Amino acid sequence: MISIGIRYFYPMPVSNHSEPGVELMKLHILKDDLNESIQHVSKAISSRSTIPILSGIKIDVQPGGVKLTASDTEISIQSFIPVEKDGVSIAEVIEPGSVVLPAKFFSEIIRKLPSPNVTIEMTDNFLTWIRSGSAEIQIVGLDPDEYPLLPEIEENQVFSVSGDLLQAMIRQTTFAVSTSETSPVLTGVLWTLKQDRLKLIACDRQRMASREAEVVANAELDLHNVVISGKSLNELFKLIPNQNMMVDIVVAQNQVLFKMDNIMFYTRMLDGTYPDTSKLIPQTFQTELTIDTKKLTDAIDRAYLLSREEKTNIVKMTLKDERTVEVSSSSSEIGKVTEQIEAHRMSGELISISFNSKYMLDALKVIDSDFIEICFRGPMQPIIIKPEDHSNMLHLIMPYRTTN
């Protein structure tokens, strides 16, 4: 049971409080730095946790700074606030100690405190006082010894990726993970590493997205069947610093640790063997098309409006001749959209093919090239989409069979 009392006082100095109890933890800290750290770790808090103590944030006050930890058993996030950074004093540790405070209330109250300076003090029975300006808040915390320990990871398999590249690779693949729990391993992204070449693959049986890049790694490091939940990667995406700093990635037996400046992000690997997606990709094609990425994206986006009303998302692409691509969709209640776009280049047989426009838009919106290549093997064979100017990315979409 958590007891919370809020009292506002003025102009009494915070140091003159007369509440009984022995100081078991005490620090002064800047509100903005504490709030930022709380926002980082709060991404690991789950409202559905069946373990009561995991609804809280563990606070460890140490001589060198303050460590905050949150976990939902699938992911764990730890953020460290040093006492000093770049010559600026951030925190002053008076008495080291630990406590677990309710995440939701702790987060909101710190954000709303009236002063840039905060004092946090714990006395007997984990009774915790938070003081800032004219506000004084009292919270009954929980025993930190009952908080689950973070996994111990041997740092034998480590490689590094720049933050902006890692964000791009996550953004360009996670949208294609499966949302169905019938195949849990497909709700994750497959990571493979061989000879400094990292590859991410996501597939939900109807589409696939892959992205690869060179990373900083030991040439002998060989990783396969490392599958990380798409949801976990989307949370990681939000934590990666905007600066172009390196992220160290540590792979252990069933855990992956991402180390970023003062943040540690732990995530469990998904169980199961990821299917061999290379068998899905055709090696020869009967038609190849090069087209302006933005023009095609905009045309399919307009056609999607009508296909969405029909709740099918089906859009048809027809190659009319060597220079003309027609994009169309129809709704029995509203009408029809037809638009023609000029192809940049086209070779092979003319073809008409239908596909899920939402899937196509998801792929087109993450391709970072002005022109794309679309390859067709036949009206009921996988569609391959890739950038024209590099081979680091590939998207696959299964077509739909339509009556007309």
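Throughout, read-outs are computed from the coordinates displayed, never taken from laboratory work. Only a predicted model underlies this, so the values are computations on that prediction, with no experimental measurement involved. Counting neighbours? That spans all protein chains shown, and the Cβs are built from the backbone with ideal geometry, glycine included.
Taking Cα extents along the principal axes in Å as calculated from this structure, the corresponding entry among (1) 77, 46, 41; (2) 86, 55, 42; (3) 80, 60, 46 is (2).
Using only side-chain charges placed at the Cβ, +1 for Lys and Arg and -1 for Asp and Glu, the dipole size of region 4-146 relative to its Cα centre rounds to 480 debye. When LEU223, LEU190, LEU101 are sorted by how many other C-beta atoms sit within 10 angstrom of their C-beta, beginning with the fewest, the order is LEU223, LEU190, LEU101. Overall, region 158-277 carries a charge dipole of about 300 debye about its Cα centre when +1 sits on the Cβ of Lys and Arg and -1 on the Cβ of Asp and Glu, all other atoms neutral. Taking a point 7 Å from the Cα of ASP298 along the Cα-to-Cβ direction, the residues of region 337-371 with backbone N closer than 14 Å to it are 339-342.
Report the paramagnetic label zone for ASN242: residues of region 254-280 whose backbone N is under 19 Å from a point 7 Å from Cα along the Cα-to-Cβ axis. Residues 260-263 fall inside that zone. Go ahead and run the numbers for FRET between GLU181 and GLU322, Cβ-Cβ distance against an R0 of 35 Å, rounding to 0.05. Between GLU181 and GLU322 the formula returns 0.15. Here the dipole of the chain is about 1320 debye; that uses its Cα centre as origin and unit charges on the Cβ of Lys and Arg (positive) and Asp and Glu (negative). Between GLN253 and SER331, the simple spin-label model (points 7 angstrom out along Cα→Cβ) gives 5.5 nm. Here the contact order of the chain, divided by its residue count and restricted to Cα pairs under 8 Å and six or more residues apart, works out to 12 percent. By the Kirkwood approach, averaging reciprocal distances over each pair of separate Cα atoms, region 281-397 gets a hydrodynamic radius of 14.2 Å. In terms of overall dimensions, region 158-277 has a Cα radius of gyration and Dmax of 13.3, 39 angstrom.
Take every Cα pair under 8 Å whose residues are at least 6 apart in sequence, average their separation, divide by the length of region 107-183, and the relative contact order is 16 percent. Counting Lys and Arg as +1 and Asp and Glu as -1, what is the net charge of the other residues whose Cβ lies under 14 Å from the Cβ of THR174? Once positives and negatives cancel, what remains is +3.
Per DSSP helix of 4 or more residues, -39500 (n - 2.57); summed, then divided by the residues of the chain. What does that give at 222 nm, rounded to the nearest 500?
It lands at -4500 deg cm²/dmol.
Taking a Cβ cut-off of under 13 Å around ASP86, the surrounding Lys, Arg, Asp and Glu residues balance to a net charge of -2, with basic ones at +1 and acidic ones at -1.
Each residue, THR290 and ALA219, gets one label point 7 Å from its Cα in the Cβ direction; the gap between the two is 3.5 nm.
Taking each residue as 0.36 nm, the span from ASP261 to THR338 lengthens on full extension beyond its C-alpha to C-alpha distance by 22.6 nm.
Residues with beta-carbon under 14 Å from that of LEU200, excluding LEU200: net charge, scoring Lys, Arg +1 and Asp, Glu -1?
Working: positive: ARG171, LYS194, ARG197, LYS199, ARG211; negative: GLU212, GLU214.
Net charge around LEU200: +3.
If you take the Cα centroid of region 122-162 and the Cα centroid of region 330-386, the two points sit 51 Å apart. Computed packing ranks the peptides 131-144, 279-292 as 131-144, 279-292, most packed first, by mean other Cβ atoms within 10 Å.
Subtracting the Cα-Cα distance of ARG268 and GLU95 from their residue separation scaled by 0.36 nm leaves 58.9 nm. Normalised Debye scattering of region 4-146 at q = 0.09, 0.16 Å⁻¹ gives log10 I(q)/I(0) of -0.25, -0.81, counting only Cα atoms as equal scatterers and leaving out solvent. Along the axis of the charge dipole computed for region 277-404 (Cβ charges of +1 for Lys and Arg, -1 for Asp and Glu, origin at the Cα centre), the listed residues LEU361, THR312, MET393 are led at the positive end by THR312.
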